[in-house]
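The values are calculated or read from the model by the stated rules, or taken from the named source; none is laboratory data. Since the model is a prediction, treat every value here as computed from it, not as a measurement. Counting neighbours? That spans all protein chains shown, and the Cβs are built from the backbone with ideal geometry, glycine included. In case anyone asks, the SASA skips ligands and DNA or RNA and just uses the protein heavy atoms, side chains included. Shrake-Rupley method; radii C 1.70, N 1.55, O 1.52, S 1.80 Å.
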Amino acid sequence: MNTALKVAVFTSGLALAFGAAYGVGHAVGSTPAAGRAHQAHDATAAPEGRGGREEHPVGGLQISDRGYTLSLDRPVVPAGGPTELSFRVLAPDGKPLTAYQPAHEKELHLIIASRDLTDFQHVHPVRAADGTWSVPANIAKAGDYRVFADFVPAAEAESLTLGADLHAAGDYRPAALPQTGRSVTVDGYTVTLTGDLTAGRTGRLAFAVSKDGRPVDDLDPYLAAYGHLVVLRAGDLGYLHVHPNGAPGDGVTEPGPEVDFEATAPTAGDYRLFLDFQHAGAVHTAAFTLTAGGGAPAATEAPAPAPASSESAHHH
């Protein structure tokens, strides 16, 4: 499928979102609502200029933004198995936020990633009437984690991606950044990546899904798309979340075997890419490590030629 995609950072607040936020999809929409949904997923949509800051800022690096704060009820949890995570998003007035705009079929997308980027979970918590969100999560090993909340407040036109630290008590043994090739296997599926990340330049990322040597051309719709991509920058876990521009049922977008995205890395360096796709009723996550190269160097202005003398002018 050759549908063009635009990057969206996982709502300033999952990516995300590699900013949309969960929603990082920079897609073209014909209505204000569609525009809001995609802005919510595009961290690269608001360049910050050249004053030493990234022109393609990532989300999830702040626990508070624009007056909204992510508040975890328990920032320290036991490691080794299932645990219940609960949290609230505090509005600018200090009260729990209870009014959201749905984006990609959910009011809020939650990403949980270990600091060493070996563990990744994309879950959808349930909100109580008082604004408290809760969700079961499997924190299998001790260590430091980052929790990303990607959402669009009902009173806002753009999405937010907020991030908070989560600590799992126990014997912590950090792992090196996983190294992958261009093909990975997950749950019997082979996913092959083509394309590259380049700092400051938009590029195409395409993921082809196959099983038992055959292309999978009947992917299930999952959260209003055939694939969701979250990109996390190694080191600080800066979040980008990318979505395809096409949508199931639009008459153009095919259900595989290829899912395309367009993404812009904010800086050169290593990134982890997590692709969620659904087939035969089950969701699978394929993880890649990709190094973004530096963008093309800025053109150097040649010095102005010295004024020609009358003699040289005569000779020329």
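Could you check GLY163 against (1) open to solvent by 60 Å² or more (accessible area, probe 1.4 Å); (2) in contact with a strand residue (DSSP E or B) (Cβ under 8 Å, 6 or more places away or on another chain); (3) under 20 Å from GLY59 (Cα atoms) and say which number it fails?
(1)
Just to check your reading of the model, which residue among HIS228, HIS241 is modelled with pLDDT under 90, open to solvent by less than 10 Å² (accessible area, probe 1.4 Å) and farther than 16 Å from GLY195 by Cβ?
When all the criteria are applied, what remains is HIS241.
Quick one: how many residues across segment 116-139 are open to solvent by 60 Å² or more (accessible area, probe 1.4 Å) and under 15 Å from ALA79 (Cα atoms)?
2
Scan segment 167-188 residue by residue and report those that are outside any loop (DSSP other than H, G, I, E, B) and over 30 Å from LYS211 (Cα atoms).
Across segment 167-188, the qualifying residues are HIS167, ALA168, ALA169.
Of all the residues that make up segment 147-160, how many are over 17 Å from GLY131 (Cβ atoms), at pLDDT below 95 and open to solvent by less than 10 Å² (accessible area, probe 1.4 Å)?
The number of residues fulfilling the criteria is 1.
How many residues are touching an Asp or Glu at 6+ places or on another chain (Cβ under 7 Å) and of a type in the set (D, E, K, R) when one looks only at segment 152-189?
So the count comes out to 1.
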